[in-house]
Amino acid sequence: MAKPTKSPVDARKARKAKTGRRSPLASIALIAIGLVSTGGAYALFTTTASADTTAAHSQLVDDGSKLFAANCATCHGLNLQGTTAGPSLLGVGAASVEFQVATGRMPLAQSGPQAEEKPAQFTTEQIKALYTYVAARAPGPGIPDSSLLQGDGDASAGAELFRINCAMCHNVAGAGGALTEGKFAPALKGVSAQHIYEAMLTGPQNMPVFNNNNISPEDKANIITYLKYLDDTPSVGGLDLGNLGPVSEGLFIWIFGLGAIVAITVWLTAKSN
Amino acid sequence: MTTTDTRTETTAVAPSRGARFTGAAANYIDERTSISGLVKEVGRKIFPDHWSFMLGEVALYSFVVILLSGTFLTFFFHASMTPMEYQGSYLPLKGIEMSSAMSSTLDISFDIRGGLLMRQVHHWAALLFVASIGLHMLRVFFTGAYRKPREINWAIGFVLFILALAEGFTGYSLPDDLLSGNGLRIIDGLIKGLPIVGTWISYLLFGGEFPGTDIVSRLFTLHILLLPAILVAALGVHLLLLIINKHTQFAGPGKTNDNVVGSPIMPVFAAKAGGFFFIVFGVITLIAATVTINPIWTYGPYDPSPVSAGTQPDWYIGFADGALRLVPSGWEFMLGNFTVSMNIIAPVLVLGLFIVVVLIYPFIEAWITGDKREHHIADRPRNAPTRTAIGAAGVTFYAVLWAAASSDLIGTHFHVGIEDVIRTLQVLLILGPIIAFVVTKRICLGLMKKDREIALHGFESGRIVRLPGGEYIEVHEQLSEYERWKLTSFTEYTPLMIRPNAKGKISAAQRVRAGLSSWFFEDRISPVSGTDIERSHDSGH
């Protein structure tokens, strides 16, 4: 805009008089001030935030400690050291506690071959307090990052890993299977991605641990992708009969198939009599 | 109502155009093939009406459905174990290496129009085929319809059953999916467990170490060529003997050992049978269209390392799997340098014995009873208590083995330990048949007594009458002659007498035979005779 023939001062005056616009430097200064103040405020706020988190964290640990003492310590010991009735929880990590408590397996309803799934006994907030407390006492596997739980990995790689690592107990279609002495691998239909991940990471009940060297976090995400695919995709061939394979198919043909046929033969011969 | 009759009728009335054409066409064919004799012979074959006589038909019709759907599948199936990368529509297997057999089966399921329906029709029809054969055999057994002159047809029918099992197993193994591969591995283990020849046979069958690259194409040849050819031939003989021997019937007024009462093949039975074929086809298609069977896509391709929980064979091989599961542990022992796998050999022997006994049962029973007469009247099961009890024992034995094949699923679904299930079934395998035998025999004898009571004294009418002398009696309603006929017409057997042979000696075999015979017929209720009935009527009730 500025014309080279006029002096800068004249030009400024002229512009001020003509348009009343601010100088470009003012804009830059304004931006600089804005940035500095935002940055400063941000820095200020984040420090307060972390201070808040620490406070919240210690609050959670406190709550968790109380919940633990009231609900878990009888078997796991007041210092998480374990008793004859239950194992030590030192080092099990947040993932393990979250899995056991959020699926209702803990607290145990009764002693038996294995802890069974039931409605969760605590609220999400209480569960968070519990696992924060246990994780605060000794480090262990943490809650998985939500980026691994989206089910957007490679389903066919996950399916192959599932067949090789999981199918011998959970059945190739995830329908579950029997173990020794009344123990069993549960069906995987409808299990949340987080719980699948935590189960692989911590090996609850009779399940082996699949740590990150054994199955990498990406591969765990692939397995979750496959199981999510099974959950979300309706059975292409019609009713799946519980995905139990030939046993349910055999029962079906004897009861419904042959049952229908025999009913028809009785009907046909009854008419002619 | 034969075809010849129809033709003479039509010439009497002025024939319509359609009838003239039928007549001319029939004449044309007859002049060139002389088929009218056969049609007359076969067309006059009479089929009695009873629902249980239609079970064999169900088997026949499912077999036709299997042939039709199987032919469709051969158009698209590649019986080859050449490894390839799957690039079809099913997402969770995309890019996975698998055999051409598995890949083509997935293509049939996902990428060929109507392919999945055809696969499911084929598999469900196969299950129904074997199930209806089983039920048909039970009907023949429990009515004694295998007695002279039908012993040979029983044996042929049993061979058909074994062929059906072989067909089923070879078909189950073709897709080369994880489940069928696991099944083949069990068979491989079973074969290798046989002493001396086992390993040789296994290497011969698989063309080297399991799984090799030949087994699918070999099983395919057996499945679509050799076994069906033998099956169809045996089926032809089975049906031919059925026609020659004529059909059995239940006793009734006018139904004797020397006649057959029912509808002739032409035209009544043929029309009914044709309709029934479509009903069976319809039931199979309905099931196949609504219920999944063998979802190989969830099983994935075969790879020797993964073994899925809940791996089972199709139901008809279940008894063999169950036998393997029921063997107590620790039955292996060393003989010099060789391991003797009694955990394999024992079930093979037991099942082999079971199969042979079922196969030759008609001959065993004929020897024990010494009965050389022809029988065309089907027994009511209660009127042959010992046979019915033997059948019940056999069914129990089979059922326990069958249940054992699903021991893991029984464990998980009823929340009991799998070891407890196995132990219970082990005990039941021995005790169950004995209990079933005793209980069934007593029930049969009880029912016979009740029949006898009813035939003699009629039903209690519930009407109480006071006699002039003050005595109260309940009036019994007598049966009609027709109803009584059904209750009283059966033959009574007595145990064989021991007779010395030509040399005047009683052989050991004779003693065994007499012993078995008295065990067979010791407990018996005589049929009611005419004099019995008269006497009971005279007694005032």
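General remarks:
- Test result for B:Ser132, more than 12 Å from chain A (Cβ to nearest Cβ), out of contact with any strand residue (DSSP E or B) (no Cβ under 6 Å at 6 or more places or on another chain) and hydroxyl-bearing (Ser, Thr, Tyr): no
- Looking only at the range B:38-58, and only at residues there that are within 14 Å of chain A (Cβ to nearest Cβ) and assigned to a helix (DSSP H, G or I), the one that is farthest from the chain's Cα centre (by Cα): B:Trp51
- In the range B:249-269, the residues that are of a type in the set (Asp, Glu) reach residues that are surrounded by 15 or more Cβ atoms within 10 Å (Cβ to Cβ) with C-beta atoms within less than 8 angstrom, at least six apart or across chains, in these pairs: B:Asp258/B:His376.
- Candidates B:Val350, B:Val280, B:Val260: the one that is in contact with a helix residue (DSSP H, G or I) (Cβ under 9 Å, 6 or more places away or on another chain), among the aliphatic types (A, V, I, L, M) and either away from chain A (no Cβ under 12 Å) or assigned to a loop (DSSP other than H, G, I, E, B) (or both) is B:Val350.
This table checks each residue for (1) away from every other protein chain (no Cβ under 13 Å); (2) not small (Gly, Ala, Ser).
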position: B:Ala389; (1), (2): yes, no
position: B:Ser406; (1), (2): no, no
position: B:His415; (1), (2): no, yes
position: B:Ile418; (1), (2): no, yes
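Here is a yes/no grid of residues against (1) more than 19 Å from B:Leu225 (Cα to Cα); (2) modelled with pLDDT of 95 or more; (3) part of a helix (DSSP H, G or I); (4) not assigned by TED's automatic domain parsing to the domain that holds B:Ala229:
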| site | (1), (2), (3), (4) |
| --- | --- |
| B:Ser62 | no, yes, yes, no |
| B:Ile66 | no, yes, yes, no |
| B:Gly70 | no, yes, yes, no |
| B:Phe76 | no, yes, no, no |
| B:Gln87 | yes, no, no, no |
| B:Pro92 | yes, no, yes, no |
| B:Ala101 | no, yes, yes, no |
| B:Ser104 | yes, yes, yes, no |
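- Residues (closer than 19 Å to B:Ser529 by Cβ and of a type outside the set (Asp, Glu)) located in the range B:448-464: B:Met448, B:Lys449, B:Lys450, B:Arg452, B:Ile454, B:Ala455, B:Leu456, B:His457, B:Gly458
- Scope the range A:226-247; condition within 8 Å of another protein chain (Cβ to nearest Cβ) and in a helix (DSSP H, G or I); matching residues: A:Tyr226, A:Tyr229, A:Leu230, A:Leu241, A:Asn243, A:Pro246, A:Val247
- Out of A:Glu125, A:Glu181, one residue alone is more than 11 Å from every other protein chain (Cβ to nearest Cβ), assigned to a helix (DSSP H, G or I), surrounded by fewer than 23 Cβ atoms within 10 Å (Cβ to Cβ) and of a type outside the set (Phe, Trp, Tyr). It is A:Glu125.
- Yes/no for B:Leu235 being hydrophobic (A, V, I, L, M, F, W, C), touching a Leu at 6+ places or on another chain (Cβ under 8 Å), over 23 Å from B:Ile156 (Cβ atoms) and more than 14 Å from chain A (Cβ to nearest Cβ): no
- Within the range B:406-420, none of the residues are surrounded by fewer than 19 Cβ atoms within 10 Å (Cβ to Cβ), closer than 23 Å to B:Arg535 by Cβ and of a type in the set (A, V, I, L, M).
- Test set (1) buried (at least 20 other Cβ atoms within 10 Å of the Cβ); (2) over 30 Å from B:Pro306 (Cα atoms); (3) under 22 Å from the mean Cα position of the chain (by Cα) - A:Pro144 fails condition number: (2)
- Residue within the range A:34-52 that is more than 32 Å from the chain's Cα centre (by Cα), among the polar types (S, T, N, Q) and modelled with pLDDT of 70 or more present: yes
- Once the range B:76-135 is narrowed to residues that are among the small types (Gly, Ala, Ser) and within 30 Å of B:Ala155 (Cβ to Cβ), the residue that is surrounded by the fewest Cβ atoms within 10 Å (Cβ to Cβ) is B:Gly134.
- For A:Glu198, the test of being acidic (Asp, Glu), facing chain B (nearest Cβ under 8 Å), out of contact with any strand residue (DSSP E or B) (no Cβ under 6 Å at 6 or more places or on another chain) and in contact (Cβ under 8 Å) with a residue 60 or more places away in the chain is failed.
- Taking first residues from the range B:80-97 that are within 11 Å of chain A (Cβ to nearest Cβ) and partners that are among the aromatic types (Phe, Trp, Tyr) and not in a loop (DSSP other than H, G, I, E, B), the Cβ contacts under 6 Å between residues at least 6 apart in sequence or on separate chains come to B:Ser89/B:Phe110; B:Tyr90/B:Phe110; B:Tyr90/B:Trp297; B:Pro92/A:Tyr226; B:Pro92/A:Tyr229.
- Failed criterion for B:Val528 (all others in (1) without any contact (Cβ under 8 Å) to a residue 40 or more places away in the chain; (2) part of a loop (DSSP other than H, G, I, E, B) hold): (1)
- Count - residues of the range B:165-196 that are over 30 Å from B:Met334 (Cβ atoms) and under 25 Å from the mean Cα position of the chain (by Cα): 11
- Members of the range B:295-329 that are in a loop (DSSP other than H, G, I, E, B), more than 7 Å from chain A (Cβ to nearest Cβ) and crowded, with 24+ Cβ neighbours inside 10 Å: B:Tyr302, B:Thr311
- Single unsatisfied condition, A:Asp145 versus (1) facing another protein chain (nearest Cβ under 7 Å); (2) under 19 Å from A:Asp219 (Cα atoms): (1)
- Just one of the numbered conditions (1) under 24 Å from B:His375 (Cα atoms); (2) surrounded by fewer than 16 Cβ atoms within 10 Å (Cβ to Cβ) is not true of B:Leu496: (2).
- Unique match (being touching a Lys or Arg at 6+ places or on another chain (Cβ under 6 Å), more than 7 Å from chain B (Cβ to nearest Cβ), touching a residue at least 24 places away in the same chain (Cβ under 8 Å) and polar (S, T, N, Q)) among A:Asn222, A:Asn206: A:Asn206
- Answer residue from the range B:295-337, given it is assigned by TED's automatic domain parsing to the domain that holds B:Leu163 and among the polar types (S, T, N, Q) and is farthest from B:Ile430 (Cα to Cα) among those: B:Thr298
The values are calculated or read from the model by the stated rules, or taken from the named source; none is laboratory data. Predicted model, so just to flag it, every value in this text is computed and none were measured. So basically every Cβ, Gly included, is an ideal-geometry build from the backbone, and we count neighbours across all protein chains shown.
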